[in-house]
Structures are given as structure tokens and as C-alpha cells.
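> First the structure, which I've put down as C-alpha cells, then a few questions once you've had a look.
Values quoted throughout were computed directly from the atomic coordinates according to the rules given, and no laboratory measurement underlies them. Keep in mind the model is a prediction, meaning the values are calculated, not measured. Cβ atoms come from the backbone with ideal geometry, glycine included; neighbour counts cover every protein chain shown.
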Amino acid sequence: MPQLLREHAVSAPDLYHEVQEFYARQMQTIDGGDAAGWAGTFTEDGVFTSNARPEPVRGRAVIAAATAGSVAERAARGVVHRHMMTMLHLDPRADGSLFARSYVLVVATYREGGSELLASTVCEDVLVRDAGRWRVSHRHVIRDDHPSPTR
């Protein structure tokens, strides 16, 4: 039995459900425009990288500020995003963390009407328990419409 399951006395299905709930709350938080709440789902020293961004975003406070700017820009343009996460796969690690890989589709809906698929992505996270809650310590988002340089 992986160390993560032994240490937290959860079954594999219970762990999967727990992580799905984490992601449901996280995605709904950002889609609702709560940048600070979304950044709070990262560890204090969390890192966000993407093949669509030139540099990593490091630290919860910096992630919150960058996200707040994006949320404000979307609100000014009358755009709502919805993140649709699918195909979640979890890989417990010996240190108690989880490697989580999923597909995330981002749908944009415009005030003037109409929706479009904005992005098709792969999301790769390292999740850790922090004060009894899952948090992202490292997220790498791979946008299918951008080149993927070697990491």
C-alpha cells in the first residue's frame, strides 16, 4: 500500500474523490473571480509554470497578484471562464505528495453572447498536505496550442 494511503488511512477511491473535490472547489473559485481564494490553494512557496508563459510565477502572493490582474481584465471585457477538468490520474509518491495529471478545457463565454473553447490543456500538479488540506506546490500547464519546450 503506498505510504500516502497508509499515513492518512484512506482508500484509493476515497483519495481520488477527495482530490476531485479539491479540484472542483479550486476551479470554481477561479471561475468565480476569487483570485486570492484560488491562490490560497497553492502552498506559500508554490510555483506555476506553463509553456504559454515566459517565466515561472513563484510564491502564493505573486500568484495571487498575477491572477487578480487576469480576473480584472476578463471582468472588464465581460468574459467568464469555466475550467472543465477531466481524465484525472493520481500517482502517490513515497514522500506523501501526489502527482496529479489531468486534461483541462477552458471555455470562454462573452457578455455579448456566445461561448468558445479558449484552450485545451494538460495540467500537471504536485499536491501536498498542508495544515490538513491539499495544496498545489507546483503546477505546470501545457497548452496544446503552444509549443512545449523541454522542461
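> To the nearest 0.05, what FRET efficiency results for residue 129 and residue 84 with a Förster distance of 30 Å applied to their C-beta separation?
Efficiency, from the Cβ-Cβ distance: 0.70.
> Between 0 and 90 degrees, rounded to the nearest ten: what's the tilt of helix 12-31 against the longest Cα principal axis of the chain?
Here the helix axis deviates by roughly 20 degrees.
> Mean residue ellipticity at 222 nm from the helices of the chain, using -39,500 (n - 2.57) per DSSP H segment of n ≥ 4 over the full residue count, to the nearest 500 deg cm²/dmol? The partial results should precede the final answer.
Details: 4 runs with 49 residues, N = 151.
My calculation for the chain gives -10000 deg cm²/dmol from helical runs alone.
> At 37 °C and a viscosity of 0.692 mPa s, what translational diffusion coefficient does Stokes-Einstein give for the range 42-87, taking Rh as the Kirkwood radius over Cα pairs? Give it in µm²/s as a whole number.
Values: Rh = 12.1 Å.
D, rounded to a whole number, is 270 µm²/s.
> For the range 73-151, count the residues as N, evaluate 2.2 N^0.38 Å, and divide the Cα radius of gyration by that value, please.
So the range 73-151 has a normalised radius of gyration of 1.34.
> Based only on Cα atoms, what Rg/Rh ratio does the range 3-143 have, Rh being taken as Kirkwood's radius? Could you put the intermediate results ahead of the total?
On the way: Rg = 15.5 Å, Rh = 15.8 Å.
The Rg/Rh ratio comes out at 0.98.
> Compute the angle between helix 60-77 and the longest alpha-carbon principal axis of the chain, please, reported from 0 to 90 degrees and rounded to the nearest 10.
30
> Sticking with this structure for a sec: Take the alpha-carbon positions of the range 36-113, form their convex hull, and give its projected area averaged over all directions (one quarter of the hull surface) in nm².
Orientation-averaged projected area of the Cα hull: 6.6 nm².
> Quick one: if you stick a label point 7 Å off each Cα along the C-beta vector at residue 68 and residue 52, how many nm between them?
A separation of 2.3 nm, rounded to one decimal place.
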